[in-house]
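Inspection log for the structure reproduced underneath, given as structure tokens.
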Amino acid sequence: MQRYEEGKDRNQVQIVNLEDLISEDNPVRVIDAFVNNIDMAKLGFQYAETKDTGRKPMNPADMSKLYIYGYYNGVRVSRKLERECEKNIEVMWLINNLKPHNKTISEFRRNNKEALKNLFKEFSILCDTLGLIGKEMAAIDGSKFRASNSRKRNYTKNKVKKMIKYFEESANKYLELLEKNDNDDTEQKIDFTEESLTAKIEAANKRIEELKEMYEDIEKNGEISITDKDAKHMGVSNNGTDIAHNVQIAVDSKNHLVVAVDVVSNPDDTGQLFNMAKQTAEELGIELKNKEENQSEEEYGEYLLTVLADKGYYEYENLRNCLDSGVKPIVAKEKSSNKTGNEKYIRDNFIYDKEKDIYICPEGKILNNISKPTSQNQLYKNKEACKECPFKDQCTTSSDDERIIKRNEQHDIYDIVNKIMDENKHIYKERQEIVEHVFGTVKRSLGYTYFLTRGNESVKAESYMHFLAYNLKRVINIIGVKALVEAINSININLFWLFYRLIHKRAYDNFKIVI
């Protein structure tokens, strides 16, 4: 006789309490407590306030719980979320056995883009209250996420040129066949009738006109993506390319929590340093300085926020704006090159003496300023010293047998930033471990390597949900489910909103204080 553990008969009536099936350390309890303590109307959710008549809408709190749970567990497709509502005990417990249709689920995300961003910011406020955010230093980086736009639906100048050439050749072939058909008196059968050939020629000419219009548009505005107009052709990992969006984040150094998110259509990170630094300061409640003209190094004073970034962010305007606003940029500089191939004589190794207005070359020779003070670019050289230098051929390939160094007003800012970098190399080494693992977690652990939505605003809202899921996982790992639920429930959210906004001077429309 075989003996096995036996379950309960599936036909037997069983009374099950969902509460008993959800353990106290289940992360869904955090999601439930967090959303229950939020004023959905203040965050701007649709149907946060209902009418007395008409069909009852879904509660935005329940839909928010469903989406947070979905993103937390790597499920974000509306049809899959619909199935989770029917079979997943955790979801049944979380939204009280509601079973919304997949169209209702997808429309919730579509109609609440700004509110979903505010949901991310609300959790950041909670993290700040719990002392999890340091507010002193943040690392900034960007990564490419594949857009909902195939390569076939993306057009560049070269691609459109080739297509125009192809259709012109096709039209010419059809014309030749049509002429041959008209001139052929024999009863030889051909594959195309005169009417079909004429139709094909007209279709080809129409397509050529469309492509020429597209070509003119591309010359003015750059490449075109048909499905997602904000998506661009970008370089991605492993030297490949894809149609993608560039997602920018700022990560606080204390517990590696994401504090600011943005999505841009630029393929590279140039021009994003101050944008992200400003957003980070705003989210952390740091009031930056007003920019002043002609500030010197000595006038910058104390810095309000430190940002770390790689060499892709090394750009004059952004570095200048950071310094003027009280942001300390620790940014790597791309190593310069020398035509001779000798790294000893690259421009970076020529030392500038600001007081004497001279450059000192690697061999200790002085290069004097030979330009007028009013010139935009100042030139520094020493023809006599270069002629006698035994390393001249390793230093320059100039036909004049002399090395010339150019300098303009931008180099004053570069010198300040380079000095900051040289003094803080030990801090810069922390950049990778602060920010890069965040993208790794989101892409590899959660599986978010591509976007479901289209357009910058929709994609940005989806990005906020990606990093809300990351922050939630991070905080649960740091504090634990039980302690986090207790902390959330202990906060009087209305008083908390008032206190936080007054302290950080954050102005919110429609925010009213009721006594």
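The values are calculated or read from the model by the stated rules, or taken from the named source; none is laboratory data. Worth saying up front: this structure is predicted, and the values here are computed from it rather than measured. Heads up, the Cβs are rebuilt from the backbone with ideal geometry, glycines too, and the neighbour counts pull from every protein chain shown. Side chains are part of the model used for accessible areas, which takes the heavy atoms of the whole protein and leaves out ligands, DNA and RNA. Shrake-Rupley method; radii C 1.70, N 1.55, O 1.52, S 1.80 Å.
Quick notes on this one:
- Estimated FRET transfer efficiency (Glu216, Glu457; beta-carbon r; R0 30 Å; 0.05): 0.65
- Look at the dipole of the stretch 128-279 built from charges on Cβ: of Ala260, Gly134, Ala199, the Cα furthest out on the positive end belongs to Gly134.
- Distance in nm between pseudo-label sites at Arg79 and Arg3 (7 Å out along the Cβ direction from Cα): 4.9 nm
- Nitroxide proxy distance, nm - points 7 Å out along Cα→Cβ at Ser445 and Glu287: 3.7 nm
- Student exercise, the chain dipole from Lys, Arg, Asp, Glu Cβ charges, in Debye to nearest 20: 900 debye
- Selection from Ala487, Ile224, Ile360, by position along the positive dipole direction of the chain (Cβ): Ala487
- Cβ-Cβ distance of Ile478 and Asp20, R₀ of 25 Å, FRET efficiency by 1/(1 + (r/R0)^6): the value works out to about 0.35.
- Gain on full extension, evaluated as 0.36 nm per residue between Asn111 and Ser398 minus their Cα-Cα distance, stands at 97.1 nm.
- Label separation (Thr156 vs Ala41): 5.2 nm, computed from points 7 Å beyond Cα along the C-beta direction.
- Accessible surface of the chain [probe 1.4 Å, protein heavy atoms]: carbon and sulfur percent: 45 percent
- Charge sum, other residues only, whose C-beta stays under 12 Å from Lys443's C-beta, Lys/Arg counted +1 and Asp/Glu -1: +2
- Taking a Cβ cut-off of under 9 Å around Lys254, the surrounding Lys, Arg, Asp and Glu residues balance to a net charge of -1, with basic ones at +1 and acidic ones at -1.
- Rounded, prolate or oblate (a/c below 1.5 giving rounded, otherwise prolate when a/b exceeds b/c) for the stretch 15-153 by Cα gyration tensor: rounded
- The residues of the chain expose on average 58 square angstrom of accessible surface per residue, using a 1.4 Å probe on protein heavy atoms.
- Dipole-positive endmost among Thr340, Thr270, Ile249 within the chain (Cβ charges, Cα centre): Ile249
- For the stretch 77-125, lysine pairs with C-alpha atoms less than 24 angstrom apart, excluding pairs fewer than eight positions apart on the same chain, total 10.
- Entry for Cα Rg over 2.2 N^0.38 Å (calculated from the structure that is shown) out of (i) 1.32; (ii) 1.23; (iii) 1.07: (i)
- Placing +1 on the Cβ of every Lys and Arg and -1 on the Cβ of every Asp and Glu, with nothing else charged, gives the stretch 77-158 a dipole about its Cα centre of roughly 880 debye.
- Lys, Arg +1 and Asp, Glu -1 on Cβ, resulting dipole of the stretch 281-408 about Cα centre, debye, nearest 20: 740 debye
- Axial C-alpha extent at least 27 Å, average Kyte-Doolittle at least -1.0 - helices from the chain (DSSP): 456-479
- For Gln272, no residue 5 or more places off, or on another chain, has a built amide H under 5 Å of its own.
- Protein-only accessible surface at a 1.4 angstrom probe places the residues Tyr313, Tyr166, Tyr428 in the order Tyr166, Tyr428, Tyr313, largest first.
- Net length gained if the chain between Lys51 and Arg347 were fully extended (0.36 nm per residue, minus Cα distance): 99.6 nm
- Counting only aspartates and glutamates at least 8 places from Lys173 when in the same chain, those with an alpha carbon closer than 14 Å to its own are Asp191, Glu194, Glu202.
- Prolate is the label for the stretch 338-407. Its Cα gyration tensor axes, ordered a ≥ b ≥ c, give a/c of at least 1.5 and a/b above b/c.
- Take the Cβ atoms of Leu379 and Asn172, set R0 to 51 Å, and the FRET efficiency comes out at 0.35.
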